[in-house]
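The values are calculated or read from the model by the stated rules, or taken from the named source; none is laboratory data. Bear in mind the structure is a predicted one, so any value in this text is a computation, not a measurement. For neighbour counting, all protein chains shown are included, and Cβ atoms are generated from backbone atoms with ideal geometry for every residue, glycine included. Accessible surface areas use protein heavy atoms only, side chains included; no ligands, DNA or RNA. Shrake-Rupley method; radii C 1.70, N 1.55, O 1.52, S 1.80 Å.
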Amino acid sequence: MGKKIAVLGTGANGSCIAADLVRAGLDVTLIDQWPAHVETMKRDGLRVTAPDEDFTVQVDAHHLCDLASLNRTFDIVFLVVKAFDTRWMAELIKPYLAEDAIVVGVQNGMTADAIAGIVGPERTIGCIVELASNIFDPGHVNRSITRAKTWFGLGALDPSMTPRVAEIEAIMKNAGRITITDQVKSSKWMKLMVNSMLPGHMLGLNNSEAIKIPGMRDFMLKCGEEALRAGQIQGYTIEPIFGLTREDIEGTNRLLEMLFDKIVKDVGTTSIDMVRQDHMKGRKSEVDLINGAVLEESRKRGEEAPMNAIVVEITRRIRNGELSADPSNFEIAKAMMQDGAVAKGVTA
């Protein structure tokens with residue numbers, strides 16, 4: 001009998017992954033907290049529009065409130081929710097896990113330890129993801145990166161789980177390319193570092209547009225420099241991500257630029273990143289757990305991360321309605337750079 005799989009959180013990326021697994025003939029339950037999205041999927045199926053295809057699959061979709069009455073136990077759970085929803089979602093699904101179940105956090109941010117702390121490290125596998133998509137209409141996700149260009153990194157947090165990484169690889173290869181790593185936490189910080197360099201959202205622009213503003217590319221790279229330093233002082237190592245090899249990263253003296261240019265190229269010129277989507281929808285974003293994590297980890301060790309602090313502060317003002325996401329916000333950022341005391345006053 002095949003493994004029973006749950007995709008918990010079927011927003012943009014979760015929908016893309018779930019659709020690929022369903023098309024592969026796997027036993028997949030989709031669980032989400034957006035009522036209209038679930039009802040549309042129940043009625044019409046899940047539509048995915050990608051650069052190279054447009055298809056609809058019939059899916060087994062359920063509301064969060066249905067979980068208690070489903071009477072199902074899951075062998076594999078892909079947790080594809082916002083980083084700040086990790087803990088309560090892990091607690092929610094814990095009673096429905098098989099004894100030897102595996103939970104995989106397919107998320108931004110450093111969420112793997114939080115999941116392991118709830119379901120146990122012996123049931124947790126870490127994941128790094130390169131997948132760009134957006135969803136504005138229920139039941140219809142727009143995927144910016146083809147499946148062939150989508151990439152996932154997988155690794156065990158606990159040595160006891162190393163042999164089981166192959167189980168997840170066999171499933172997730174239906175949604176993208178896979179790399180196995182024995183340094184999954186360092187690799188996740190590498191992805192966080194890349195995400196920290198993508199604050200085009202605070203200007204209401206995608207990042208390929210944002211770098212055309214004089215000085216913005218340099219600002220973005222400085223965010224990455226701070227994140228790299230914050231990772232190093234935590235003991236994280238530089239690891240290849242996005243399908244790059246160790247030779248790729250060790251053979252360059254422009255690591256940040258290489259990673260930055262690769263992600264901007266891979267997601268294309270029409271993608272709308274997750275934080276920008278959140279601004280457009282008036283929702284809380286993950287910035288506090290990305291740029292804010294850089295700031296927090298730096299300050300724990302007596303250092304500052306002023307560029308990331310600026311991103312956190314401008315994002316806070318956008319969320320509070322004090323600013324709109326607009327290119328003019330870079331003028332505010334430049335003023336804050338000149339007045340270091342402003343950035344130092346930001347709380348992560």
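Worth a mention:
- Listed residues CYS65, CYS127 arranged by accessible area, highest first, probe 1.4 Å: CYS65, CYS127
- Tail beyond 24 Å, pair distance distribution of the range 1-117 (Cα, percent): 22
- With Cα atoms, 0 to 90° folded angle of helix 184-196 axis to the chain main axis: 50
- If you take all other residues with their beta carbon under 10 Å from the beta carbon of LEU289, and give Lys and Arg +1 and Asp and Glu -1, the sum is -2.
- Net charge contributed by nearby residues that have their C-beta within less than 13 Å of GLY117 (K/R +1, D/E -1): -1
- Among 44-56, 272-284, the peptide with the highest mean count of other Cβ atoms within 10 Å heads the list, and the full ranking is 272-284, 44-56.
- Full extension of the chain between GLU331 and ASP218 yields a length gain of 39.3 nm, computed as 0.36 nm times the residue separation minus the alpha carbon distance.
- Angle in degrees between helix 306-319 and the longest Cα principal axis of the chain, rounded to the nearest 10: 60
- Degrees, to the nearest 10: 291-300 long Cα axis against longest axis of the chain: 70
- For the range 1-160, lysine pairs with C-alpha atoms less than 21 angstrom apart, excluding pairs fewer than eight positions apart on the same chain, total 4.
- Once the 1.4 Å probe is applied to the protein heavy atoms, the range 97-150 comes out at 30 Å² accessible per residue.
- Distance between the 7 Å Cα→Cβ label points at SER69 and GLN338: 6.2 nm.
- Rounded percent of accessible protein surface that carbon and sulfur make up, the range 1-71, 1.4 Å probe: 49
- Local net charge near TRP151, Cβ-Cβ under 15 Å (Lys/Arg +1, Asp/Glu -1): +3
- Accessible surface area normalised per residue over the range 222-325 is 46 Å², counting heavy atoms of protein chains with a 1.4 Å rolling probe.
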